[in-house]
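Notes for the one structure printed next.
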Amino acid sequence: MTFDTPISRKGTHCVKWDMMETLYGVAPDEGIAMWVADMEFRPPQVVQQALEAMLAHGVYGYFGDESKYLDAIRWWMRTRHGWDVAADHIFTTHGLVNGTAMCIDAFTKPGDGVVLMTPVYHAFARVIKAAERHVVECPLTNTGGHLTMDFDAWDAQMTGAEKLMILCSPHNPGGRVWTPEELRGVAGFCKRHDLILVSDEIHHDIVYPGQHHSVMPLAAPDIADRLVMMTATTKTFNIAGAHSGNVIIADPTLRARFARRMTAMGISPNSFGIHMATAAYSPEGAAWVDDLMRYLDGNRRLFDDGVNAIPGVRSMPLEATYLAWVDFSDTGMTPAEFTARVEKTARIATNHGTSFGKGGEAFLRFNLACPRAQVAEAVSRLQKAFADLQ
Ligand SMILES: Cc1ncc(COP(=O)(O)O)c(C=O)c1O
């Protein structure tokens, strides 16, 4: 079993393949699902074994005693990210969209502004709007395929109604690994405008060789009194269906506010997620992630070489994530035209750039976490679908 081994997910009730026909008109037998951000791979053996042990026991009651789980998180953060996290700062939510929603609920009121650096992961805006807060879009600058922050422009945008900012670090889409200087810039921005910062670091292990992710608590220790950090095993190990994530808060006042909302919402851990995460955060899990990143590195090179050969199409060089952010603006086509070629001609389902906010209009997001042969097939279909541009 290697990352090259194809595993059919059709008919398993997975959203990526089994909802593709309904949402895109692309049937799974002829199409390629490159949208939803999960992978086509099984997690490491150590995670499978943890689940097998649960199945063998066969009684699935409520979870208790988080000590091993918290030790595993602390080990992972120390060995992989150089960060010593205190066990009593860690909350377990039902994933990080849930964690984000809980932060919005705990730290803002209806009508408050929540700042996003767009284009950014689409669920943030969905949650903010549904909670009757306002999305405040601070556009990232795209300089030759490299996203950067423009604090002067963002300072001028602030009105005082903004209470919270959500940072995506590394960034989805576009795959930036923010530098410590950029992260300190975000910290300064939050101080100037009195914002609580929620740093969503769910992609922090999906970082390519040669890149280094800095966790926000280390990059900007001076904002510990306004920082909420979020991490999870679910992206790293492809166990998103277990709906489990960590919200980590050092400040006692913020922590007490969050703890009250957890109680008010009746949130308690999912035992499947906890057992899988405890197994994953281990030396075996770490070795698997290193192999995964070498494999994904090959996929991104193959994909970028192939699509960048199409005149007018450019894939942003990824520093992190397996989510290629592809710019079609120089094809001279409207979003409807290039999207139709990708979906109707190439039969590939992607995430549409418009759903990520301002700056995403001319883009599609392609998920590269699949066997390399599937990336090769997608590239070949894209080259054919845009052959008239050659
Ligand atoms: C930045 C970011 N946060 C959160 C999530 C989803 O988190 P969860 O599945 O834990 O709700 C994603 C999924 O793609 C993501 O990209």
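Observations, loosely collected:
- Meets criteria (in contact with a strand residue (DSSP E or B) (Cβ under 6 Å, 6 or more places away or on another chain) and at pLDDT 95 or above) for Phe272: no
- Qualifying helices (runs of 4 or more DSSP H) (wholly inside the range 26-144; at least 2 residues being at pLDDT below 95 and either within 16 Å of the ligand (Cβ to nearest atom) or more than 30 Å from Gly353 (Cβ to Cβ) (or both)): none
- Scanning the range 196-244 for residues that are in contact with a Leu (Cβ under 7 Å, 6 or more places away or on another chain), part of a helix (DSSP H, G or I) and either within 16 Å of the ligand (Cβ to nearest atom) or not basic (Lys, Arg) (or both) returns Met216, Pro217, Ala219, Ile223.
- With respect to the conditions (1) among the polar types (S, T, N, Q); (2) more than 20 Å from the chain's Cα centre (by Cα); (3) crowded, with 18+ Cβ neighbours inside 10 Å, Ser214 lacks only one, and its number is (2).
- Residues (under 18 Å from the mean Cα position of the chain (by Cα) and not polar (S, T, N, Q)) located in the range 196-211: Leu197, Val198, Asp200, Glu201, Ile202, His203, His204, Asp205, Ile206, Val207, Tyr208
- Some residue of the range 313-323 being surrounded by fewer than 17 Cβ atoms within 10 Å (Cβ to Cβ) and on the phi > 0 side of the Ramachandran plot: no
- Val342 passes every criterion in (1) buried (at least 18 other Cβ atoms within 10 Å of the Cβ); (2) touching a residue at least 60 places away in the same chain (Cβ under 8 Å) apart from (2).
- Single residue of the range 245-267 satisfying the filter (in a loop (DSSP other than H, G, I, E, B) and within 23 Å of the chain's Cα centre (by Cα)) that is farthest from the ligand (Cβ to nearest atom): Ala250
- Tyr281, sole failed condition from (1) hydroxyl-bearing (Ser, Thr, Tyr); (2) more than 16 Å from the ligand (Cβ to nearest atom); (3) under 20 Å from the mean Cα position of the chain (by Cα): (2)
- Figure legend. Inter-residue proximity from the range 321-334: first residues touching a residue at least 12 places away in the same chain (Cβ under 8 Å), second residues among the aromatic types (Phe, Trp, Tyr) and away from the ligand (no atom under 16 Å from the Cβ), beta-carbon distance below 8 Å, spacing 6+ or different chains. Indicated pairs: Ala324/Phe303; Phe328/Phe338; Thr331/Phe338; Thr331/Phe386.
- You will find that of Trp83, Trp17, Trp76, the residue that is more than 30 Å from Pro283 (Cβ to Cβ) and either buried (at least 16 other Cβ atoms within 10 Å of the Cβ) or touching a Pro at 6+ places or on another chain (Cβ under 9 Å) (or both) is Trp17 and no other.
- Complete set of residues in the range 354-390 that are part of a helix (DSSP H, G or I), in contact with a Ser or Thr (Cβ under 7 Å, 6 or more places away or on another chain) and under 15 Å from Trp325 (Cβ atoms): Phe356
- If the condition is being surrounded by 17 or more Cβ atoms within 10 Å (Cβ to Cβ) and over 18 Å from Pro217 (Cα atoms), then the range 229-256 contributes Thr233, Thr234, Lys235, Thr236, Phe237, Asn238, Ile239, Ala240, Ala242, His243, Ser244.
- So Ala369, is it in contact with a Gly (Cβ under 9 Å, 6 or more places away or on another chain) and touching a residue at least 12 places away in the same chain (Cβ under 8 Å): no
The values are calculated or read from the model by the stated rules, or taken from the named source; none is laboratory data. Keep in mind that this is a model prediction, so the values were computed, not measured. Methodologically, a virtual Cβ is constructed for each residue, glycine included, from the backbone with ideal geometry; neighbour enumeration extends over all protein chains shown.
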